[in-house]
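Student: Have a look at this one.
The values are calculated or read from the model by the stated rules, or taken from the named source; none is laboratory data. Just so we're clear, the structure is a prediction, and the values are computed from it rather than from any experiment. Glycine also receives a Cβ, built like all others from the backbone with ideal geometry; neighbour counts cover every protein chain displayed.
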């Protein structure tokens, strides 16, 4: 274990999923200097655990197929010299997988309509138990539209709006940061709003949608997704369960099929 830096500050580098199993450790604790960059800390972690070279390059950056979150923030939104305060998480894109798309291993999990119905009922039950009564449900295009409509029906909410936040460009590939492609047009001022998406992966899309809805001055905003990923930086107020695979919902099977086909893969497996 590293000696602590000035002030006794320590940072934990956590290794997730299959990476943890392959290198034989779940975390590395290091003492850090005040203001030390996350890249510098990862370089020292690599020096103390050479097997980490599977995921981390010599300059401290993640290798293809791996993600790094620095205090909950995707490394691609940070500068090389940005400091780390408490924690760095290193993980495979989908905790190891069975498909290789654009050089990334992606394990797919196919969700049925029955699975969706069950998840919607669980989320609705959690909302009722909490006492929160939404007046408006806002679905995030495109994945959150169907769950939003189903939750509105389950909860008896008539007003449904949409907002479009773009983050992913294809399976396992993200843009550097989300952006609003379609703003909210439904009146939400002074009303209780439930923002709904299908899954919270990095958490960036959901966070950006919350910020977009907040601009319209609602009384209260809460969030719901059918699923979350274990590494998400934003856990919604309501969700059904955590899944560490790339989820294929029944309303996007053809879209995923076309992407896999163009990458030379099949939909099976």
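Student: Would you point out which residue out of 247, 162, 180, 235 is surrounded by fewer than 17 Cβ atoms within 10 Å (Cβ to Cβ), modelled with pLDDT of 75 or more and more than 17 Å from residue 124 (Cβ to Cβ)? First the steps, then the outcome.
Tutor: Details: 247 fails: surrounded by fewer than 17 Cβ atoms within 10 Å (Cβ to Cβ); 162 fails: surrounded by fewer than 17 Cβ atoms within 10 Å (Cβ to Cβ); 180 fails: modelled with pLDDT of 75 or more.
Only one candidate passes the filter, namely 235.
Student: Scanning for something touching a strand residue (DSSP E or B) at 6+ places or on another chain (Cβ under 9 Å), at pLDDT 85 or above and in a strand (DSSP E or B), does the stretch 207-219 turn up at least one residue?
Tutor: No, the stretch 207-219 has no match at all.
Student: Could you say which residue among 187, 133, 154 is part of a loop (DSSP other than H, G, I, E, B), over 30 Å from residue 90 (Cβ atoms) and at pLDDT 95 or above?
Tutor: Working: 187 fails: at pLDDT 95 or above; 154 fails: part of a loop (DSSP other than H, G, I, E, B).
Exactly one residue qualifies, and that residue is 133.
Student: Among the residues of the stretch 41-89, what is the count of those that are assigned to a helix (DSSP H, G or I) and either in contact with a strand residue (DSSP E or B) (Cβ under 9 Å, 6 or more places away or on another chain) or under 14 Å from residue 15 (Cα atoms) (or both)? Let's see the steps before the verdict.
Tutor: Taking the stretch 41-89 and keeping what is assigned to a helix (DSSP H, G or I), we get 41-48, 50-54, 75-77.
Then drop every residue that is not either in contact with a strand residue (DSSP E or B) (Cβ under 9 Å, 6 or more places away or on another chain) or under 14 Å from residue 15 (Cα atoms) (or both), which leaves 41-46, 48, 50-54, 75-77.
Looking only at that region, the number is 15.
Student: Among the numbered criteria (1) modelled with pLDDT of 75 or more; (2) loosely packed, with under 15 Cβ neighbours inside 10 Å, which single criterion is violated by residue 175?
Tutor: So the condition that residue 175 fails would be (1).
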